[in-house]
Amino acid sequence: GSGVNNRLLIYYAGHGYTVKTSYGDEVGYIVPVNAPNPTKDLAGFQENAIEMTLIEIYAKRIQSKHALFLFDACFAGSLFDMRSPVSELITYKTTQPVRQFITSGSAEEQVPDQSIFRKQFVIALTTNEADYDKDGYLTGSELGQFLQSKVVNYSYNTQHPQYGKIRNPKLDKGDFVFELAAKEAA
């Protein structure tokens, strides 16, 4: 993450949990194996789990122009501002900095161990199915839209992926871009 022209993709598959605070907020956590059960030891859980707001801090420390975080876990997607995908030139998207996030579900949703999200992520990267404008590139915004659409459908409306960009005017202009494999001649 220290090279300015690098692109980072961080994929987390594991457990997540959302804590409702006494003042009405919801705080999402990534749950490591050593974290105690939050319903039995909330203080111990919070000491060992990784609060999602820390991920935003880590994302800001990255010097690379583009970083895409995917979370295949249960927790609130309140980390980022929901935005609709906007059609822009690929060259513009790749010259502007961005921190994007995609989660496999929204708050209080159970994410199955046999991940629909992961399977659809692989399909998006290995086919042209998620390339909505058919330009040979898959943007993080297209990926988020694809995953949201497919996972909601294949989970029978029980899992709702969330996607968006960090709430920072200096890190929300670009888009993470994958160049898809060239189409084979028919």
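Looking across 163, 154, one residue alone is hydroxyl-bearing (Ser, Thr, Tyr) and over 15 Å from residue 9 (Cα atoms). It is 154.
Does residue 108 satisfy the criteria of being on the phi < 0 side of the Ramachandran plot and charged (D, E, K, R)? The answer is no for residue 108.
Residues of region 18-38 that are free of Cβ contacts under 8 Å to residues at least 60 places away in the same chain, surrounded by 13 or more Cβ atoms within 10 Å (Cβ to Cβ) and farther than 19 Å from residue 118 by Cα: 19, 27, 29, 35, 36, 38. The single residue among 49, 73, 43 that is small (Gly, Ala, Ser), surrounded by 19 or more Cβ atoms within 10 Å (Cβ to Cβ) and at pLDDT 90 or above turns out to be 49.
The values are calculated or read from the model by the stated rules, or taken from the named source; none is laboratory data. Note that the structure is predicted; figures quoted are calculated from it, not measured. Because the Cβ atoms are built from the backbone with ideal geometry, glycine has one as well, and the counts that use them run over all protein chains shown.
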